[in-house]
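The values are calculated or read from the model by the stated rules, or taken from the named source; none is laboratory data. Since we're looking at a predicted model, the values are computed, not measured. Using ideal geometry, Cβ is built from the backbone for each residue, glycine included, and neighbour counts are taken over all protein chains shown.
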Amino acid sequence: MLDMKFVRENPDAVKENIKKKFQDEKLPLVDEVIALDTQRRANIQEADQLRADRNRLSKQVGMLMGQAKKDPSKLAEAEAVKKQVTDEAERLAALEKLEAELDEKIHHIMLQIPQIIDPSVPIGPDDSCNVEVQRFGEAKVPDFPIPYHTEIMESFDGIDMDAAGRVSGNGFYYLLGDIARLHEAVLAYGRDFMISKGFTYCIPLHDPRQRGGGRYEPDGYGRHDVQDRRRGSLSDRHQRTLHDRPVY
């Protein structure tokens, strides 16, 4: 996901990048997210000022209440300041709610704005515009039909595309049984091979939103949020084999 500051300061570059990816339908998102960001920053500025005023007025109330013990006329002034604190607290609560709503809208749009293309990447609508960089040997065409990898896994009853499609959209699948074990075995082999070469095995930090109860955002390609996978409709075996997909 692009940085909001980059989008705000380089809207034309972001729009040009969208055009290079042939996703013109996303062009209005740039101006929309910049407008929301402007509103959000003004909202934050007002909320910060109200918090500062609240601290100042709270101290003033305490001082006036202390003075009211000797001068009863100060009590009315203290009550007036208390009312001002209450009124501003209500406004602050509304601003905090609005800030959360704006954050959600901005985040949703930012997920749809594509990453910047590297200058070395050739521009084209599909893989027909790919540029061959280097060729090794000659391509050989076998004299038998080549099955797709999912067909091979299906023949071993090692894949469930229907259940995964209901969770994450087309293109995803659950690995089952021996195929799942083979997947883990290959990973283990790669891990152990690199350890034998002197590398240190490390498990990176995980975003807590990627675990059970975490929420995935839609990415604009038909893949949907998972609000709480522990209480979802999937069977236990699929919940145990669910693979995490990062939000960012």
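Can you tell me which residue within the range 106-162, out of those that are of a type in the set (Gly, Ala, Ser) and part of a loop (DSSP other than H, G, I, E, B), is farthest from residue 172 (Cα to Cα)?
To start, the set of residues in the range 106-162 that are of a type in the set (Gly, Ala, Ser) comprises 120, 124, 128, 137, 139, 155, 158.
So of that shortlist, the ones also part of a loop (DSSP other than H, G, I, E, B) come out as 120, 124, 137, 139, 158.
Details: 120: 30, 124: 26, 137: 33, 139: 29, 158: 14 Å.
If we take residues in the range 106-162 being of a type in the set (Gly, Ala, Ser) and part of a loop (DSSP other than H, G, I, E, B), then 137 is farthest from residue 172 (Cα to Cα).
Taking the range 174-216, which residues are modelled with pLDDT of 50 or more, part of a loop (DSSP other than H, G, I, E, B) and surrounded by 12 or more Cβ atoms within 10 Å (Cβ to Cβ)?
176
Can you pull out the residues in the range 16-26 that are surrounded by 15 or more Cβ atoms within 10 Å (Cβ to Cβ) and of a type in the set (A, V, I, L, M, F, W, C)?
Passing the criteria: only 18.
If residue 64 satisfies all but one of (1) modelled with pLDDT under 85; (2) in contact with a Phe, Trp or Tyr (Cβ under 7 Å, 6 or more places away or on another chain), what's the number of the condition it fails?
Result: residue 64 passes all but (2).
Matching residues to (1) of a type in the set (Val, Ile, Thr); (2) free of Cβ contacts under 8 Å to residues at least 24 places away in the same chain; (3) assigned to a loop (DSSP other than H, G, I, E, B); (4) surrounded by fewer than 11 Cβ atoms within 10 Å (Cβ to Cβ):
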position	(1), (2), (3), (4)
38	yes, yes, no, no
51	no, no, no, no
70	no, yes, yes, yes
81	yes, no, no, no
103	no, no, no, no
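With respect to residue 85, is the statement that it is at pLDDT below 90, farther than 30 Å from residue 36 by Cα and among the hydrophobic types (A, V, I, L, M, F, W, C) true?
So residue 85 fails the test.
Could you grab me the full set of residues in the range 1-15 that are surrounded by fewer than 14 Cβ atoms within 10 Å (Cβ to Cβ), charged (D, E, K, R) and assigned to a helix (DSSP H, G or I)?
Hits for the range 1-15 are 5, 9, 12.
Taking the range 87-101 as the search range and keeping residues that are touching a residue at least 40 places away in the same chain (Cβ under 8 Å) and charged (D, E, K, R), which one is surrounded by the fewest Cβ atoms within 10 Å (Cβ to Cβ)?
91
Go through (1) touching a helix residue (DSSP H, G or I) at 6+ places or on another chain (Cβ under 8 Å); (2) touching a residue at least 24 places away in the same chain (Cβ under 8 Å); (3) surrounded by 15 or more Cβ atoms within 10 Å (Cβ to Cβ) one by one and return the number of the condition residue 58 breaks.
(3) is the only condition that residue 58 fails.
What is the residue count in the range 105-138 for residues that are more than 16 Å from residue 20 (Cβ to Cβ), surrounded by 10 or more Cβ atoms within 10 Å (Cβ to Cβ) and either among the aliphatic types (A, V, I, L, M) or over 22 Å from the mean Cα position of the chain (by Cα) (or both)?
4
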